[in-house]
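Worksheet: the structure to be examined is printed underneath.
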Amino acid sequence: MIGHIKGISGPTVSVDLKGLRLYDRVYVGHAMLAGEVIRLEQDGAVVQIYENTKGLGIGEPIKGVGMPLTVKLGPGLLSGMFDGLHRSLEKLREEMGSFISGGREVYGLDHLKKWRFSPLKERGADVKAGEIIGYVEEGPLKHFISSGCDGRISEIIDGEFSINEPIGKFYDGREIPGYNEWPVRMPRPYKRKLPPSEPLITGQRCIDFLFPLARGGTAIFPGGFGTGKTILEQSIAKFADVDIVVYVGCGERGNEMAEMIEEFTTLKDPWTGKRLMERTILVVNTSNMPVAAREASIYTAITMAEYYRDMGYHVLLLADSLSRWAEALREISSSLEEMPGEEGYPTYLASRLSGFFERAGVVETVSGKIGSLSMILSVSPPGGDFTEPVTQACLRIAGAFLMLDTSLAHRRHFPAINWFQSYSLYERSLADYFREKISHEWNDLKQRCREILQREEALREVAEVVGFEGLQDADRLLMVVAEKLRLEFLSQNAYTDDAFSPPEKTLSKIREIVEFHDNAAKRLKEGIPLQEMLKM
Amino acid sequence: MRLSEHIYRTISSIRGPLLFVEKVFSARLGEVVNILFPDGRSMDGEVLKIDGDTVLIQVYGETRGLDIGNSSVVFTDTVKKAPLSIDIIGRVFNGSFLPVDDVPMFIPEKWASVTGFPMNPSARARPEEFIETGFSCIDGLNTLVKGQKLPIFSCAGLPSKELAAGILQNSRLAVGMGRFVVVFVALGLTFHDYSFYMNVLNEIRTGFVAFVNMADEPVVERLLSPRFGLTVAEYLAFERGMDVLVVITDMTNYCDVLREVSTAREELPGRRGYPGYMYSDLASIYERAGRVKGMSGSVTMIPIVTMPEDDITHPIPDLTGYITEGQIVLSRELHQKGIFPPVDVLPSLSRLMQRGIGECHTRGDHRKIANSLYKYYAKGRDLRRLEAIVGKDGMTDSDKHMLDFADIFEREFVNQGTARRDINETIDRGISILKRFSLEI
């Protein structure tokens, strides 16, 4: 199938090729730029191009591949670094140097590397699509390999293989490949979804204690620039209690990614002691890389995340930032001259987002294991204004909303999570877990903590009029305790040892503060002046 | 490759800086065209959009005098390229890359596409080498490092150009023997500012390259000049191993042209009429700052943004702040107090500072001193609000103490006039102020 380019507008190209299907992958122009069909018409199609379209000419050829945008899933994804199209960035660098000039097909997986395959099924066994047939050791994990289709195994290897060699055969002669190819826009199947019931410990006291997240849940944190979104995302990527982290740098800064890569290769996972990079997959599409690939990057990432979920692992997808993805969508939509919705975003923004969010969850996989896929996504509202369409669309679907506050950030209170506006819908369903598994005091202490913060807010207004000295002793004590709570408990310096706080530490810290308050309040009643107690 | 030159006289409409040409046989996106005026003048343009045989062209110049019928358009079959050579150092060009310093054009060693290619994120080296700008408020509290992009957010009437000039004159790398070169890009500069900057540039010993688009010169050139500047910067940094500091003033003018072209194209406007792709467009400029693994050079960028209506949430500073690694915010209040540079350190931020300070970069106690100064100053500033309500007399002694600290901090630490302070002096000054107020460090 070969056609020709009829028109070019930004990242989209119209072509006269017939017989394409929607979301088919195509190669465009002499430079063989990768693209995807996004609209079909009577006499042709419109294609979005994942690479820079500069220099593309009218009449250049276009070729259909006959299949949608897919990723190759197999051993070797962990500690990998990919662009939005699942091309290995390291390999791109080997091939064309420090700058990405485009038009190059590079595979995400290393086809030459040998893996030791241990079968879990025997010759003659009947397998269903999605059923696990064996595993390889990939870093700290067992990487389970499942069959792509139904059949009866006639041959299965027990030894070394590389990705482009089959690991066995079916009786009807079909080969069993060691990898899985999956279209990124299609959710991977599972047996059934389960409600989230376990917490996702992030190591951030404010989140774990006040706004707990659930494994299989979704959370967003919107914040203007300088509110520490990226630092928070990266801290969670480092310390979250999950097996695998997929991190998407979606339309963000290149220098930040360089920093992150360097840190992740040296830092250790606090839960297992292994190098962080061994459990991490990076998908990087910085802001100056082509926008259409930015649009695809979150799908590429979530497909890899689902792949590991299907092996029964707890996977966390972090994206920084979802707003850049939405902007890419808007850019493509406007080059298609679609009727815009709010602020120029396409009207299908909310439905695309909810489709994406619903790919999170705790599931019983096809092979009967329990795996989870959680999502924590940052949102960058323009001007720090939360009434904009992306934040609002996310609010309707996300399970937790962690609002990053510019005024807290200006006071260098990090993570700058506003404790009055934020919420977590998982709080109630996780309450039992915290009471039983961590401490029976957990929920009561949380209530106390909230009360102190609320009381402080009310007193602050009074203090602004009468001054701190004009307050009663009990109120002054509360202000002092609240300050302690903010400085020592809710804020955490990401550059010190305090960056990671396991639940035990969180608990003992809050207990200490609440006890200090109670003791002081008691002695205040006994008549000991506040000044004296504060000196101690 | 086309064998013959394609000339068309089929202009169908002219709309501000945009032309529609019909019945074009084979055009390319981003192709450079040459527009021949009826009076014999010629001008460059670029293909923006192609729809069948109708081509939309953006003209890099004033379209006055262009007509339908007699004017013609020549398609050149190449994308916009910039000539490069080491001899470029010391030269001044206009927004079309023509020399304006009365010296003939240099002989190019090579040509490179002006849009450049995105740097592979895995090839980026982490920026961590300290650049000493000589200003306490930057070096001490918002440290600049090699490969960073740190904009100055200014307001109309504030001395952003004096600050930029100070940085140009005083910047020094604490370590490293590499050559330090300045690339200066001016967009819509008034003659007054132009003569000011040229005086400054001519005094820089290490050398500079300037691209100057004056306020009365074609506005569409402003879309090109920063890209010329950065192409030159990348060449000097990554092929010649130099440390390049790029100063672009003023990005607000750039964004206004972007909006002008977008409206002429009848695109859907985003916030305040700026196009929806402004984030990506700005990123294609700002993200060219950086360092590459295994190469000695670096591109550091200081764009200057004038915030319309002093509003930091205006789309231009807002999107800039989302892309750059921090910001230096100037304050009208400090300027009125006679403080120079009038940098408000509270909303200012350098995201890469944490890596660039400490034992092996600046001084072991740098972080501690910076944090303390910041903390106490923030406290003092908070109390100023209280002071406005209850008056200074109604406040406690400890509150008054903090208020005094904030004043002294502004007058003695931030304020330094045109004198240069090295990093030791900056930190020592911080320590002495903290000690004077017997504050814990």
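The figures follow:
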{"read-out": "Chains B and A together, accessible area buried on both sides, 1.4 angstrom probe, square angstrom", "value": "5700 Å²"}
{"read-out": "Computed magnitude of the charge dipole of segment B:82-356 (debye, nearest 20; Cβ of K, R +1, Cβ of D, E -1)", "value": "880 debye"}
{"read-out": "Segment A:110-178, accessible surface, carbon-and-sulfur percent (1.4 angstrom probe)", "value": "47 percent"}
{"read-out": "Segment A:109-254, dipole about Cα centre (Lys/Arg Cβ +1, Asp/Glu Cβ -1), debye to the nearest 20", "value": "440 debye"}
{"read-out": "Cα-only radius of gyration and Dmax that characterise chain A, units Å", "value": "26.2, 91"}
{"read-out": "With 10 Å bins from 0: P(r) over segment A:251-357, alpha-carbon pairs, percent", "value": "13, 37, 31, 14, 4, 0"}
{"read-out": "Choice from B:ALA283, B:ALA112, B:ALA419 with maximal GNM fluctuation in chain B (Cα, 10 Å cutoff)", "value": "B:ALA419"}
{"read-out": "Helix axis angle, A:229-239 relative to chain A longest principal axis, alpha carbon, degrees", "value": "80 degrees"}
{"read-out": "Heavy-atom accessible surface of segment A:1-62: percent carbon and sulfur, 1.4 Å", "value": "54 percent"}
{"read-out": "FRET efficiency estimate (nearest 0.05) - Cβ-Cβ, B:ARG265 to B:ASP67, R0 22 angstrom", "value": "0.55"}
{"read-out": "Pairwise label distance in nanometres, B:SER13 with A:VAL465, each label 7 Å out on the Cα-Cβ vector", "value": "6.3 nm"}
{"read-out": "Sum of -39500 (n - 2.57) over DSSP H runs of 4+, divided by residues of the protein assembly as shown (222 nm, nearest 500)", "value": "-9500 deg cm²/dmol"}
{"read-out": "Accessible-area order (highest first, 1.4 angstrom probe) of the listed residues A:CYS149, A:CYS449", "value": "A:CYS149, A:CYS449"}
{"read-out": "Antiparallel DSSP beta bridges within chain B, percent to nearest 5", "value": "60 percent"}
{"read-out": "Selection from B:ILE152, B:CYS255, B:ILE323 lying farthest towards where the dipole of segment B:82-356 points positive, charges on Cβ", "value": "B:ILE323"}
{"read-out": "Inverse of mean 1/r across different Cα pairs in chain B, Kirkwood, Å", "value": "23.5 Å"}
{"read-out": "For segment B:12-78 versus segment A:406-482, the gap between their alpha-carbon centres in whole angstrom", "value": "63 Å"}
{"read-out": "Cα-centre dipole for the protein assembly as shown with unit charges at Cβ (Lys and Arg positive, Asp and Glu negative), debye to 20", "value": "1440 debye"}
{"read-out": "Low-density loop cleavage sites - trypsin sites (Lys or Arg not before Pro) in segment B:244-308, where at most 13 other Cβ are within 10 Å (DSSP)", "value": "B:LYS293"}
{"read-out": "Residue (of A:ALA393, B:MET402, B:PHE228) at the positive-pole extreme of the protein assembly as shown, dipole from beta-carbon charges", "value": "A:ALA393"}
{"read-out": "Per-residue mean of C-beta atoms belonging to partner chains within 10 Å, peptide A:281-293", "value": "4"}
{"read-out": "Protein accessible area in segment A:291-347, 1.4 Å probe - carbon and sulfur %", "value": "48 percent"}
{"read-out": "Given charges at Cβ of Lys, Arg, Asp, Glu: the protein assembly as shown dipole, positive-most of B:ALA237, B:ILE11, A:VAL26", "value": "A:VAL26"}
{"read-out": "Beta bridges per DSSP with both ends in chain A, % antiparallel, nearest 5", "value": "70 percent"}
{"read-out": "Rounded tilt (10° steps) of A:503-525 against the dominant C-alpha axis of chain A", "value": "20 degrees"}
{"read-out": "Å² per residue, accessible surface of segment A:110-178 at 1.4 Å", "value": "53 Å²"}
{"read-out": "Principal axes of the protein assembly as shown: Cα extent on each, largest first, Å", "value": "98, 86, 51"}
{"read-out": "Rounded to 5, the percent of DSSP beta bridges in segment A:192-427 classed as antiparallel", "value": "35 percent"}
{"read-out": "Percent of C-alpha pairs per 5 Å bin, segment B:6-79, short to long", "value": "4, 19, 35, 29, 12, 2, 0"}
{"read-out": "Average other protein chain Cβ within 10 Å of Cβ, residues B:20-31", "value": "4"}
{"read-out": "Pairwise FRET efficiency - B:GLN336 versus B:SER398, Cβ, R0 = 35 Å, nearest 0.05", "value": "0.80"}
{"read-out": "Sites A:ASN443 and A:SER508 - FRET efficiency at Förster radius 22 Å, r taken between beta-carbons, to 0.05", "value": "0.85"}
{"read-out": "On Cα atoms only, tilt of A:442-466 relative to the major axis of chain A in degrees", "value": "60 degrees"}
{"read-out": "Heavy atoms of A:HIS30 accessible to a 1.4 Å probe, total area in Å² rounded to 10", "value": "140 Å²"}
{"read-out": "Accessible area per residue, Å², segment B:82-356 with all protein chains present, probe 1.4 Å", "value": "30 Å²"}
{"read-out": "Per residue convex hull volume, Cα atoms of segment A:442-535, in Å³", "value": "109 Å³"}
{"read-out": "Over segment A:192-427: Kirkwood hydrodynamic radius from C-alpha pairwise inverse distances, Å", "value": "17.8 Å"}
{"read-out": "1.4 Å probe, heavy atoms, protein only - residues of segment A:313-346 losing at least 50 Å² accessible area vs chain alone", "value": "A:ARG324, A:GLU331"}
{"read-out": "Formal net charge of residues neighbouring B:TRP111 (Cβ-Cβ distance under 11 Å; K, R +1; D, E -1)", "value": "+2"}
{"read-out": "Residues in segment B:52-74 occluded by at least 20 Å² - accessible area, probe radius 1.4 Å, against chain by itself", "value": "B:GLY52"}
{"read-out": "Peptide A:56-62, shielding by other chains (average Cβ, 10 Å cutoff)", "value": "5"}
{"read-out": "Separation of alpha-carbon centers, segment B:123-155 and segment A:39-87, rounded to whole Å", "value": "38 Å"}
{"read-out": "Per residue accessible area in Å² of segment A:325-418, where ligands, DNA and RNA are left out and the probe is 1.4 Å", "value": "32 Å²"}
{"read-out": "Per-selection Kirkwood Rh - segment B:274-423 (Cα, Å, 1 d.p.)", "value": "18.2 Å"}
{"read-out": "Ordering of A:358-368, B:125-135 by packing [mean C-beta count within 10 Å, highest first]", "value": "B:125-135, A:358-368"}
{"read-out": "Accessible area in the full protein assembly, largest first, 1.4 Å probe, for B:ILE339, B:ILE68", "value": "B:ILE68, B:ILE339"}
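The values are calculated or read from the model by the stated rules, or taken from the named source; none is laboratory data. All values derive from a computational prediction rather than experimental measurement. Every residue, glycine among them, receives a Cβ derived from its backbone with ideal geometry; neighbour counts consider all protein chains shown. The area values use the complete protein model at the heavy-atom level, side chains included, leaving out ligands, DNA and RNA. Shrake-Rupley method; radii C 1.70, N 1.55, O 1.52, S 1.80 Å.
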